Amino acid sequence: MERREYSAGAVKHSFWFMEFRNEVKLLSEGRSFEEIKELCRTENIFAASTPERAIQIFNTVSSRIKAIGDSFYPVFLDGDVSTQKIFNLAAIMANDTLFFDFVYEVIREKMIIGSNEYKLSDLSIFFKDKQLQSKKVAGWTDATFARLGKNYKTFLFEAGMTDKGKNVRKIFKPILESDMERWLIDNGMEQIVKALSGVR
């Protein structure tokens, strides 16, 4: 898995599961990314509020798909909805190194020690650590960290990995479907499997 430069792009992003699933389906049917982009423009296939938002959703979802390649399509499409949501989360992690680090360093560690919950303060501590490690992250505003934290919580909740608690959120360790787990490991994403499974 490629480590990318830390980015605060997730402040503008949602989980976009239905859009991810629809795009994978179209790609598996032989459509190209360019053809799907044109469908976003002409038919608003993602039901976006504006043409600009439609293209932003397309660009983000496409980046997530490209981050894990194209051989996952049949495994994804054969999976149930909960498996597909975890696949979407894995694609977000592959595409966004800072979010991957949060799941790997905070959520995974909580599961390893048997805590099975995380607090808002865990997000704050994580971001403070990253400010010390990265000049780029150190330059971000408090508002940026607040929005990132909000979206990270949403990603995990919509993937079915947490509840929606206000200050403390329960962590639900996902049961990784064997075909999905095998695909991730075979395609260089064992770290994502460890992050999701809570293992060393």
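Relative contact order for the stretch 1-129: 29 percent, from Cα pairs under 8 Å spaced at least 6 residues apart, divided by residue count.
What FRET efficiency comes out for D186 versus K166 if R0 is 41 angstrom and r is the Cβ-Cβ distance? Round to the nearest 0.05. E between D186 and K166, to the nearest 0.05, is 0.55.
Karplus-based coupling profile of the stretch 4-18, in residue order and whole Hz: 9, 4, 4, 9, 9, x, 5, 4, 9, 10, 10, 5, 6, 5, 4, with θ = phi - 60° in 6.51 cos²θ - 1.76 cosθ + 1.60 and x standing for Gly or Pro.
Applying 1/(1 + (r/R0)^6) with r as the Cβ-Cβ distance of E38 and S82 and R0 = 41 angstrom yields a FRET efficiency of 0.80.
With a 10 Å Cβ neighbour count serving as the proxy for reagent exposure, in which order, fewest first, do V103, V199 appear?
V199, V103
Relative to the longest principal axis of the Cα atoms of the chain, the long axis of helix 51-68 lies at roughly 70 degrees. Remark: the Q56-K12 segment gains 14.9 nm on full extension, using 0.36 nm per residue and subtracting the alpha carbon distance. Can you tell me the 0 to 90 degree angle between the C-alpha axis of helix 142-158 and the longest principal axis of the chain, rounded to 10? For 142-158 against the chain, the angle is about 70 degrees.
Given the pairs K37/K110; K37/K173; K25/K150; K37/K130; K37/K153, which span a C-alpha to C-alpha distance of over 32 angstrom in this model? Present the calculation step by step, with values, prior to reporting the outcome.
On the way: K37/K110 40 Å; K37/K173 35 Å; K25/K150 29 Å; K37/K130 35 Å; K37/K153 29 Å.
Listed pairs above 32 Å: K37/K110; K37/K173; K37/K130.
What the Cβ-Cβ distance of A138 and E117 gives, at R0 = 35 Å and to the nearest 0.05, is a FRET efficiency of 0.75. The stretch between I125 and L26 holds 31.6 nm of extra length on full extension. This uses 0.36 nm per residue minus the Cα-Cα distance. The order of Y152, Y73, going from fewest to most other C-beta atoms within 10 Å of their C-beta, is Y73, Y152. Only helices enter the 222 nm calculation for the chain: every DSSP H run of n ≥ 4 contributes -39,500 (n - 2.57), and dividing by all residues gives -18500 deg cm²/dmol, rounded to 500. Measuring how big the stretch 38-179 is from its alpha-carbon positions, Rg and Dmax come out at 16.7, 50 Å. Against the chain, whose longest principal axis is taken from its Cα atoms, helix 81-95 shows a tilt of about 80°.
Coordinate-derived values only; no laboratory data. Worth saying up front: this structure is predicted, and the values here are computed from it rather than measured. Heads up, the Cβs are rebuilt from the backbone with ideal geometry, glycines too, and the neighbour counts pull from every protein chain shown.
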